[in-house]
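The values are calculated or read from the model by the stated rules, or taken from the named source; none is laboratory data. Just so we're clear, the structure is a prediction, and the values are computed from it rather than from any experiment. No Cβ is skipped: glycine too gets one built from the backbone with ideal geometry, and neighbour counts run over all protein chains shown. To get the accessible areas, we keep the full protein, side chains included, count just its heavy atoms, and leave off ligands, DNA and RNA. Shrake-Rupley method; radii C 1.70, N 1.55, O 1.52, S 1.80 Å.
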Amino acid sequence: MDVLTFYNKEIGVFCEYNLTLKKYSDNLVKYKRTSYSVCKGINKHNRHTGTTSIKELEERSKKYLRKVKNEIIDLSYNNKDSFEYFITLTFSPSEFTKGEYSHEEAIDLLTKWINNQKHQNRNMSYILVPEFHKKSGHLHFHGLIGNVPKWKFSKAVNPHTGKLIKLNNTQIYNLDNYKLGFTTISKIKSKEKVTNYISKYATKELIDLKNKKRYWYSRDLVKPVTEYAYIDTNLTDYLSKENVIYQDVFERDNCSIELASTL
């Protein structure tokens, strides 16, 4: 089987493939076999022949959401050793200059805060995903953070009882370096599990967010290497010939395996 990797879609390289391979930094390889072939490298222009149905719009939204979730999982898993903390950031009403909450200003506040933290912590690694509050509809952010030596923490205390706040016997902290609202931060115990946990915040509401970004991440994060191939057999038969074993690393994904030679 010949595996072809495409570095530039504009060079006109043509290839028919039905297997996608994603290779991660820890030697994990995720295989995805489709029942149809795809021609990669050809620019296609779709013309609108009429109005788009509600069902078609819903399918597009679902497909786009899956794409966003997979991107978040890929980035967080491939760089899992760069992250130390799981964090949640909210914004106080007093931070909004227009007198009322707006998604756009919340994103501006986040962006300015990230830039400030990057200035203080040069090697800071992060991936942040927005979530809409169920009652107010306001945005807050969940994320994975690492390499922040200048951060200071205080143990989180319940304001009503005065007791320390713990989750699953893990102490929750507040970030002293954050002055825009309320924060919670905790040490990451399982980097594999938190990879899937962070992706769940990518919900269908994000599709309607009037901003090109659906999540924020630092430039130092490395994406997994993606390769393409064509096989004339089913995936199970191919994997058995290649001497690989299944490993459930990614939730809801039965195509995640690790090369047996790396075990």
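By average Cβ neighbour count within 10 Å, what is the ranking of 82-94, 130-142 from highest down? Don't jump to the answer; show the numbers that get you there.
Numbers: 82-94: 17.5, 130-142: 15.5.
For the peptides 82-94, 130-142, the packing ranking is 82-94, 130-142.
Between Lys187 and Thr34, what is 0.36 nm times their sequence separation minus the Cα-Cα distance? Round to one decimal in nm. Don't skip to the answer; put the middle values down first.
Details: separation 153, 0.36 × 153 = 55.08 nm, distance 3.86 nm.
The span from Lys187 to Thr34 would gain 51.2 nm if fully extended.
Averaged per residue, what accessible surface does the range 105-196 expose to a 1.4 Å probe, in Å²?
On the way: 5300 Å² over 92 residues.
Value for the range 105-196: 58 Å² per residue.
Where does each of 22-29, 165-172, 148-155 land if you order them by average Cβ count within 10 Å, highest first?
Details: 22-29: 16.5, 165-172: 11.9, 148-155: 13.6.
Put in order of decreasing packing, that is 22-29, 148-155, 165-172.
Starting from 0.36 nm per residue, how many nanometres of slack lie between Tyr197 and Thr97 once their C-alpha separation is accounted for? It would help to have the intermediate numbers written out before the result.
Values: separation 100, 0.36 × 100 = 36.00 nm, distance 3.29 nm.
Fully extending the segment from Tyr197 to Thr97 adds 32.7 nm.
What percent of all Cα-Cα pairs in the range 114-190 falls into each 10 Å bin, going from 0 up to the bin containing the maximum distance?
Pairs per bin, as whole percents: 15, 44, 35, 6.
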